[in-house]
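Read the structure below first, then the notes.
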There are 2 protein chains.
Amino acid sequence: MTDDFSLGAVETALSPLERFEEYLQTKGKRITQPRRRIVEEVFRQHDHFDADQLMASIAKSPGIEKVSRPTVYRALEVLVEAGLLRKMGLGGRAVYEHDYGYPQHDHMHCQACNQLIEFHSDDIQRIRDAVGRQHQFRVTGHLLIINGVCRDCMRKQQRQRGDRLDRI
Amino acid sequence: MTDDFSLGAVETALSPLERFEEYLQTKGKRITQPRRRIVEEVFRQHDHFDADQLMASIAKSPGIEKVSRPTVYRALEVLVEAGLLRKMGLGGRAVYEHDYGYPQHDHMHCQACNQLIEFHSDDIQRIRDAVGRQHQFRVTGHLLIINGVCRDCMRKQQRQRGDRLDRI
DNA sequence: ATTTATGCAAATCCTTTGCAAATCT
DNA sequence: AGATTTGCAAAGGATTTGCATAAAT
């Protein structure tokens, strides 16, 4: 997978931080310490998170100084503008995930444990674009969340049902 | 289309209000004036709305007394439980739409005028269920919103670009 | 030096809750 | 009568804003 023409290689040419700095420069915005801390923490690992979780993980990272809540929110907004993060509303609050150097995917949301499970489907994208064409709607993206109960939680529920029956 | 076995005929056998009253009875809940007003206003026409808009439209309906905000929220919750309404988070606030006697559909959301445009696709449902099966995820529903710019807003944007050029 | 970003405190928005009075069954 | 529902006022949680200070260009 060292093909220079592979999408992955092109998209990941710059690190998230480099890509972000590039964006900031083109917009006349500034590369500050808080912003650097935030980007580093955000891309330390791939995971979904909200503003609170991000604040918390920055706060408890050893050596990294904390960042105020407004600054976190403001930085997240810029990161979305920059195309580094994707934002989605989930049960009241905003949840963010990587949108840079990470393959297109959608989510299943477990209504029992609140977990987000990623999956990929080329078909979705195809249908999405076809629908847009039919309605003369310029598609820029989509949000698909499949609701239900994940495998683990289904097992737990089955156990509970079993327990109940045992007691009768 | 007077086929007794058609889904449409079966699903729409009861009016929304009747269906709601039925639900309330089975749950030992009560059929009150505020609830009746809310259901009537909600199903007066098919449209997406939020709690505020509903409050407002009830308030300005002649002859219909206003309903308090908490009551509106509480009634909407029950209507969702009852399967009469579907709730979706959109840009911070909750938006509701008919889910009774109304065919399955998804939405395109125009980021310019904030309008929701409905569309239908059997494929989406098929893919959704297939994905669930693959991941041993029990699917209960989904939310699909295609983001972009609607036809009308695209025209407006083109006009503006044209104007700008004219001035040069 | 100038402009933008930060942090604090307070505000805002949407939604929910506690509780006494009103309304159903 | 007895239970649920309403409306009010107030609380709550997430996110945003005004403004003086700090940091970046």
How big is the antiparallel share of DSSP beta bridges in region A:104-168, given as a percent to the nearest 5? 50
Okay, helix-only estimate at 222 nm for the protein assembly as shown: each DSSP H run of n ≥ 4 adds -39500 (n - 2.57), divide by all residues, round to 500 deg cm²/dmol; what do you get? -14500 deg cm²/dmol
What range in chain A is the longest one free of trypsin sites (Lys or Arg not before Pro) that are in a loop by DSSP and have at most 16 other Cβ atoms within 10 angstrom? A:67-168
So for the protein assembly as shown, taking the charge dipole from beta-carbon charges (+1 Lys/Arg, -1 Asp/Glu), which of A:Val139, B:Leu76, B:Tyr100 sits furthest toward the positive end? B:Leu76
For peptide A:115-124, compute the average count of partner chain beta-carbon atoms within 10 Å of each residue's beta-carbon. 3
To make sure I understand, if each residue's beta carbon is the centre and we count other beta carbons within 10 Å, what order do A:Glu97, A:Glu118 fall in, fewest to most? A:Glu118, A:Glu97
Rg to Rh for region A:15-107: what is it, with Cα atoms only and Rh by Kirkwood? 0.94
If labels are modelled 7 Å from Cα along the Cβ direction, B:Arg30 lies from its partners in the other copies at nm distances, smallest first, of 6.1
Quote the charge dipole size of region A:9-101 about the Cα centre in Debye, to the nearest 20; the model charges only the Cβ of Lys and Arg (+1) and of Asp and Glu (-1). 380
DSSP beta bridge pairing in the protein assembly as shown, given as percent antiparallel to the nearest 5: 80
Cα-based equivalent ellipsoid of chain A: semi-axis lengths in Å, sorted from largest, via gyration tensor: 33, 25, 16
What FRET efficiency comes out for the pair B:Ser15/A:Met154, r = Cβ-Cβ distance, R0 = 45 Å, nearest 0.05? 0.80
To check you understand DSSP bridge types, tell me what percent of the beta bridges within region B:36-168 (both residues inside) are antiparallel, rounded to 5. 75
Treating only Lys and Arg (+1) and Asp and Glu (-1) as charged, each at its beta carbon, one finds that region B:104-168 has a dipole about its Cα centre, in Debye to the nearest 20, of 280
Exam field: A:Lys87 pseudo-label spacings to other copies (7 Å along Cα-Cβ), nanometres: 2.2
For A:Phe20, A:Phe137, A:Phe49, order by how many other beta-carbon atoms lie within 10 Å, fewest first: A:Phe49, A:Phe137, A:Phe20
Within the protein assembly as shown, how many Lys pairs that are eight or more residues apart, or on different chains, come under 25 Å at the alpha-carbon? 11
Please order A:Thr26, A:Thr71, A:Thr32 by the number of other Cβ within 10 Å, starting at the fewest. A:Thr26, A:Thr32, A:Thr71
Give me a single rounded figure for A:153-159: the average over its residues of other chain Cβ atoms within 10 Å of their Cβ. 1
What is the magnitude of the charge dipole of the protein assembly as shown about its Cα centre, with +1 placed on the Cβ of each Lys and Arg, -1 on the Cβ of each Asp and Glu, and no other charges, expressed in debye to the nearest 20? 1160
Once the convex hull of the alpha carbons of the protein assembly as shown is built, what does its volume come to per residue, in cubic angstrom? 249
Defining the label point at 7 Å along Cα→Cβ, can you sort the distances from A:Ser68 to the same site in each other copy, shortest first, in nm? 3.8
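Only the coordinates and a few stated rules stand behind these numbers; no lab work does. Bear in mind that the values here come from a model prediction, so they are computed numbers and not experimental data. We place every Cβ from the backbone using ideal geometry, glycine too, and count neighbours over all the protein chains shown.
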